[in-house]
């Protein structure tokens with residue numbers, strides 16, 4: 001699952017058990033930017049997320065990650081959905097990024113992603 005939040009962009013996948021099989025009860029919340037996981041941890045300081053160690057793995061497609069229970073992630077998603085008070089996500093991400101002095105590249109990337117998905121919408125309409 002990919003999720004774009006005002007805190008950052010995250011790719012979520014099941015963690016692996018020690019025997020190499022998938023652990024459906026634990027997840028890796030992965031990020032391209034360290035500051036995105038820091039922002040997420042700051043949002044949930046008393047939770048499992050806030051207490052999770054940010055791991056850094058060079059040579060991986062997502063360099064930064066935290067490992068946590070699926071239950072903790074579902075709770076965080078629920079809270080993030082409930083806190084939504086804006087009508088334009090890109091504007092909210094920009095406001096949040098400025099307030100937290102985060103790198104502007106995330107917001108630029110959101111605009112590029114919006115454009116790519118807008119083009120997809122146009123392609124889908126051609127067949128209907």
Once residue 62 and residue 108 are pulled to full extension, the length gained, defined as 0.36 nm per residue separation minus their Cα-Cα distance, is 14.7 nm
If 69, 87 are placed from fewest to most neighbouring beta carbons inside 10 Å, the sequence is 87, 69
Between [x] 16.1, 49; [y] 14.6, 47; [z] 12.7, 34, which matches Rg and Dmax of the Cα atoms in Å calculated for the structure shown? [x]
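Using C-alpha positions alone, give me the convex hull volume of segment 1-46 per residue in cubic angstrom. If you can, show how the numbers build up before the last one.
Working: hull volume 4.2 nm³, N = 46.
In segment 1-46, the Cα hull volume divided by residue count equals 90 Å³.
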Rounded tilt (10° steps) of 89-99 against the dominant C-alpha axis of the chain: 60
In degrees, nearest ten, helix 105-126 long axis to first principal axis of the chain (Cα): 60
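In nm, what is the difference between 0.36 nm times the number of residues separating residue 69 and residue 86 and their Cα-Cα distance?
Gain on extension, residue 69 to residue 86, equals 3.2 nm.
At a Förster distance of 30 Å, what's the computed FRET efficiency of residue 42 paired with residue 19, Cβ-Cβ distance as r, to 0.05?
0.30
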Pairwise label distance in nanometres, residue 77 with residue 51, each label 7 Å out on the Cα-Cβ vector: 2.3
Approximate spin-label separation residue 4-residue 95, in nm, with each point projected 7 Å along Cα-to-Cβ: 1.8
Fewest-first ordering of 64, 7 by Cβ atoms within 10 Å yields 64, 7
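Computed from the coordinates by the stated procedures, all read-outs in this text should not be read as laboratory data. In this text, all values refer to a predicted model and were calculated from it rather than measured experimentally. Note: ideal-geometry Cβ built from the backbone for every residue, glycine included; neighbour counts use all protein chains shown.
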